[in-house]
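K.L.:
First the structure, then my questions, so here it is.
The values are calculated or read from the model by the stated rules, or taken from the named source; none is laboratory data. The structure presented is a predicted model; accordingly, all values stated were derived computationally and were not measured. When we count neighbours, we look across all protein chains shown, and the Cβ atoms used for this are built from the backbone with ideal geometry, even at glycine. Surface accessibility is based on the protein's heavy atoms, side chains included, excluding ligands, DNA and RNA. Shrake-Rupley method; radii C 1.70, N 1.55, O 1.52, S 1.80 Å.
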Amino acid sequence: MTDIPRPRRSALYLPASNDRAIAKARTIDCDVVILDLEDSVAPEAKETARAQAVTALAVGDFGERELVVRINALDTEWAAADLAALAEAPPHAILLPKVNTAADLAACAQRLPEGAALWAMIETPTALLALPQIAAAPRLAALVMGINDLAKDMGMHPGSDRLPFQPFLATTVAAARAHGLAALDGVFNGIDDPEGLAAECAQGRRFGFDGKTLIHPSQVAPCNAAFSPNAADIAEAEAIRDAFALPEHRGKGAIRLHGRMVERLHLAQAMRVLAIARQ
């Protein structure tokens, strides 16, 4: 069976300039903490944010959470210093914003801290056109949707159903799966709109995303629930597993279960669901 990657249901952005937010992240039940040096940090606070991110990584104490740092874009005055500083205390991954081509990732990969993976923000029209090449980049581990920047650059009005974005959501997941990468959906801006968040999480899961990036701790619990197998998912997976284990079904490529045909590919999906549920 294919190895099950670590859970990435919820990836919470935190401005690294806010030391209280970093401290609180150690108590939040998110799967991924993204210490942000980019959009959420004002220019005059960039150096402070960088220093606090390095200190947080050196201190650790984040439990099982995956630690990612979003650096500034390569064409800014801060990117080189970001990468140099993170060599002192490497995170699990570095998230590169404003990726346009695979060449951007190659340039960043040459300066990655030892042991750190590379994640790419898909947030420009150029990146959408270069997805096959971007997804094939060395050391890349994840694609992350940047919905807000895409909306701005493309002049789109997503609406609650994100209809204009749906082709891009599906294409990003396809590119990720073709190269064994994780795929994370973009943020939901409505902090006080739990119904909207739930709907967008459900949509992201239908599209096949592993999880979603978030902007507020209150979004973590519903996001974790949305991207976890529920009781019905687990019961169905167990039924498929148990059916194929019956002596009369061993060696069969397809069987009848609960009035429908179930194939070996469904067994593989069922075993993945159960492995994720155990995690």
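K.L.:
What Kirkwood radius, in Å to one decimal, follows from the Cα pairs of region 1-148? Please report the intermediate quantities before stating the final value.
P.N.:
On the way: mean 1/r = 0.0648 Å⁻¹.
Here the Kirkwood hydrodynamic radius works out to 15.4 Å.
K.L.:
Express the C-alpha Rg of region 75-166 as a ratio against the empirical globular expectation 2.2 N^0.38 Å, rounded to two decimals. Display every interim value, and only then the final one.
P.N.:
Details: Rg = 14.3 Å, N = 92, 2.2 N^0.38 = 12.3 Å.
Here the Cα radius of gyration is 1.16 times the empirical estimate.
K.L.:
Keeping all protein chains in position, work out how much accessible area Val220 exposes to a 1.4 Å probe, and write it in Å² to the nearest 10.
P.N.:
Roughly 10 Å² of Val220 is accessible to a 1.4 Å probe.
K.L.:
Next question, about the same structure. Run a plain Debye calculation on region 110-150 (Cα atoms as equal point scatterers, no solvent) and give log10 I(q)/I(0) at q = 0.22, 0.23, 0.33 Å⁻¹, rounded to two decimals, same order as the q list.
P.N.:
-0.74, -0.78, -1.14
K.L.:
Sequence gap of 8 or more, or different chains, plus Cα separation below 20 Å: how many lysine pairs satisfy both in the chain?
P.N.:
Working: Lys24/Lys212; Lys46/Lys98; Lys98/Lys152; Lys98/Lys212; Lys152/Lys212.
Counting lysine pairs in the chain gives 5.
K.L.:
Evaluated at 4 °C with a viscosity of 1.567 mPa s, what Stokes-Einstein diffusion coefficient in µm²/s does region 212-279 have when Rh comes from the Kirkwood expression over alpha-carbon pairs?
P.N.:
On the way: Rh = 13.6 Å.
Using the Kirkwood radius from Cα pairs, D works out to 95 µm²/s.
K.L.:
Continuing with the same structure: Residues with amide H under 5 Å of Lys212's amide H, sequence separation 5 or more or different chain, H placed in the peptide plane at 1.01 Å from N; which?
P.N.:
Here the answer is Ser10, Ala11, Asp185, since their amide H atoms fall under 5 Å of that of Lys212.
K.L.:
Kindly write out, for region 50-57 in residue order, the coupling ³J(HN,Hα) from the Karplus curve 6.51 cos²θ - 1.76 cosθ + 1.60 (θ = phi - 60°), rounded to whole Hz, with x marking Gly and Pro.
P.N.:
4, 5, 5, 5, 4, 5, 4, 5
K.L.:
Give the accessible surface of the chain per residue, rounded to a whole number of Å², with probe radius 1.4 Å and ligands, DNA and RNA excluded. Could the numbers behind the result be given before it?
P.N.:
Details: 13160 Å² over 279 residues.
On a per-residue basis, 47 Å².
K.L.:
Suppose we take every Cα in region 111-249 and form the convex hull; what volume per residue is that in Å³?
P.N.:
Normalising the Cα hull of region 111-249 by residue number yields 163 Å³.
K.L.:
A further question follows. Report, by chain and number, residues whose modeled amide H sits under 5 Å from the one on Arg70, excluding near sequence neighbours (fewer than 5 apart, same chain).
P.N.:
Excluding prolines and chain starts, which carry no amide H, the hits are Leu35, Asp36, Leu37, Leu95.
K.L.:
Taking a quarter of the surface of the convex hull around the Cα atoms of region 142-192, what do you get in nm²? If you can, show how the numbers build up before the last one.
P.N.:
Numbers: hull surface 15.4 nm².
For region 142-192, averaging the hull's shadow over all directions gives 3.8 nm².
K.L.:
Rounded to the nearest 500, what is the 222 nm mean residue ellipticity of the chain from helices alone, with -39500 (n - 2.57) per DSSP H run of 4+ residues and division by all residues? All intermediate terms of the calculation are to be shown ahead of the outcome.
P.N.:
On the way: 12 runs with 119 residues, N = 279.
The helix contribution divided over the chain gives -12500 deg cm²/dmol.
K.L.:
Please report Rg (one decimal) and Dmax (integer) in Å for the Cα set of the chain.
P.N.:
For the chain, the Cα radius of gyration and maximum Cα-Cα distance read 19.9, 70 Å.
K.L.:
Kirkwood hydrodynamic radius of region 183-244 from all distinct Cα pairs, in Å? Walk me through the intermediate numbers first.
P.N.:
Numbers: mean 1/r = 0.0795 Å⁻¹.
Across region 183-244, the inverse of the average 1/r is 12.6 Å.
K.L.:
Taking all protein chains in place and a 1.4 Å probe, what share, in percent, of the accessible surface of the chain do carbon and sulfur account for?
P.N.:
Numbers: 7180 of 13160 Å².
Roughly 55 percent of what the probe reaches on the chain is carbon or sulfur.
K.L.:
Related question: For Ala87, list long-range residues whose amide hydrogen, built 1.01 Å from N in the peptide plane, is under 5 Å from its own amide hydrogen.
P.N.:
none
K.L.:
Taking GluC sites (Glu not before Pro) as exposed when DSSP calls them loop (any state but H, G, I, E, B) and at most 15 other Cβ atoms lie within 10 Å, what is the longest stretch of the chain free of them, the sites themselves excluded? Can you show the working numbers first?
P.N.:
Working: sites that count: Glu64, Glu77, Glu88, Glu114.
Result, exposed sites excluded: 115-279.
K.L.:
So how long is each side of region 1-81 along the principal axes, counting just the alpha-carbon atoms, biggest first, in Å?
P.N.:
Between the extreme Cα coordinates on each principal axis of region 1-81 lie 47, 28, 20 Å.
K.L.:
Considering the chain as a Gaussian network with a 10 Å cut-off on Cα pairs, which listed residue, Ala16, Ala226, Ala80, attains the greatest mean-square fluctuation?
P.N.:
Between Ala16, Ala226, Ala80, it is Ala80 that shows the largest mean-square fluctuation.
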